[in-house]
Amino acid sequence: MITEIRKTRVDGEVAVPPSKSYTHRAIALALLAEGESHIERPLISRDTEATIQAAKQLGANIKIKKDNPNYLFIIDGRKRLSCPEDVINAENSGTTLRFFTAIAALAETGYTIITGDESLRRRPMGALLNALIKLGVNCWSSKGDGTAPIIVRGGGIRGGETSIIGWQSSQFISAILIAGQRADGIITLRVEGEPVSKPYIDATIAMIERFGGCVERSGYTLYVVGHQRGLKAAEFRVPGDFGSASFHVAAAYLSDGSITLKGLDKNLPQADAAILDIASKMGANVSWLSDGVIVEGRGTRKPVEIKLRDSPDLLPVAAVMAAATPGTSILRDVAHARLKESDRIQTIANELTKLGVKTKILEDGLEITGLEQPEGGVTIDSHNDHRLFMAFTILGLACKRGLRITGAESASVSYPGFINDLAKLGAEIRTF
């Protein structure tokens, strides 16, 4: 499907969708916890539905109460996980693939096969597989190249010492920390090199503690799990997602509008909360409320030089903000964005060039020389990457002749209500 958006000022209030990251973590931990957990206001999207199905296939009993205004998951965890009757399909969700590769090792017997869509089957898994093998897990790539489909033999995680590279994905670390809560012995995990996306690791540890688990750590380079007595059922309300909110932050900035974002919690770690600092540096006015934030575009835009090592998912939205900001912005320390749903560095450069925006690909990011007002009037290819689709759609608000963007269906991966919410804010937008 194609979305067409015209140059528009957007104003109003948005209830920010629940956090995808926290929904994934809550479901995974509830699966491993003894008792009945209540997860209030979870995100319902293609990615989180993949995690729900994976948990069910490993034995969790999950009830979804839709009569609750905020939705409610009631998850009866399992002390012993069962071997799935069928292949686990992680769809497009890297979090599901990585978390459940480690969790599948806790199944009592049998073999679990985990795969996903074409994009997911290209994403690297070798580092996680090697780390799990050192912990006594039999697991491998069916193609022998470190990518899905992945096969995991059940029987438990023995424990011991292992190591993993830190620069590819924090999801590898989180997967071991979560599954390690049910390991047979103590796990010592050493991270080689400076890890990326540190706030995601903090979020994982915060959630493990909510469920009664424990992680001992030395910064971001050494973790020890296995001292705890076991995870216990918990009640958890999923906070608003700063990643989803980032597109509305950009919309206010690019359209000189004013948007109130409700449901954000600054007390739980989220990597994408960095969007507020980025917007402020670029000239937006950001004001915190008790339960959210107000972002106002003020007309005066300033180029920036920023590092996105800990928040790589902000690259698309930061790039489109830079594209309509006169001067040269430099987005660095985000080489791992090449390993996402698409090679986001190359794709962003290619598509912005269609708008006459000068881009230079750096070793670890992008240099973007923005325009006062891009002409637009062209079709941009999102490559079915949900974050690229939403970012390019927001950019259309600042283009003289608007934009057309392919891949509207991809938004359902993380933000199914994106187009409707944008329309409620006054955007002239249609999908056909």
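See the values below:
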| item | result |
| --- | --- |
| Residues residue 343 and residue 36, FRET efficiency given R0 of 41 Å [Cβ-Cβ distance, rounded to 0.05] | 0.45 |
| Kirkwood Rh in Å, taken over the chain so that all alpha-carbon pairs contribute | 21.8 Å |
| Fewest-first ranking of 83, 139, using other Cβ atoms within 10 Å as the exposure measure | 83, 139 |
| Among the listed pairs 66/340; 281/340; 198/307; 281/358, those beyond 23 Å (Cα-Cα) | 66/340; 281/340 |
| Long-range tail of P(r) for the stretch 277-339 (Cα pairs > 14 Å, %) | 58 percent |
| Cα long-axis angle, helix 94-103 against the chain (0 to 90 degrees, to the nearest 10) | 10 degrees |
| The stretch 20-235 - convex hull of alpha carbons, volume per residue in Å³ | 101 Å³ |
| Helix-only [θ]222 nm of the chain, DSSP H runs n ≥ 4, -39500 (n - 2.57) each, per residue, nearest 500 | -8500 deg cm²/dmol |
| Whole-Hz ³J(HN,Hα) from phi, Karplus 6.51 cos²θ - 1.76 cosθ + 1.60, for the stretch 363-373, glycine and proline x | 4, 10, x, 9, 10, 10, 9, x, 10, 4, 8 |
| Contour excess over end-to-end distance, with Cα ends at residue 13 and residue 281 and 0.36 nm allotted per residue | 94.2 nm |
| At 0.692 mPa s and 37 °C, Stokes diffusion of the stretch 336-415 via Kirkwood alpha-carbon radius, µm² per second | 255 µm²/s |
| Reciprocal of mean inverse Cα separation for the stretch 9-65 (Kirkwood radius, Å) | 12.5 Å |
| For the stretch 142-203, average projected area of the Cα convex hull in nm² | 5.0 nm² |
| Under 13 Å from the residue 133 label point (7 Å along Cα→beta-carbon), backbone N, the stretch 145-167 | 145-147, 151, 163 |
| Linear extension gain, residue 305 paired with residue 184, 0.36 nm per residue minus alpha-carbon span | 38.9 nm |
| Efficiency of FRET from Cβ geometry, residue 379 and residue 214, R₀ 60 Å, rounded to 0.05 | 0.70 |
| Under-5 Å amide H pairs with residue 13, H placed in peptide plane, nonlocal only | 260 |
| Per DSSP, loop trypsin sites (Lys or Arg not before Pro) in the stretch 326-386 with at most 12 further Cβ within 10 Å | none |
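No lab work stands behind these numbers, since they all come straight from the coordinates. Model, not experiment: these values are computed from the prediction. Virtual Cβ from ideal backbone geometry, glycine too; neighbours counted across all protein chains shown.
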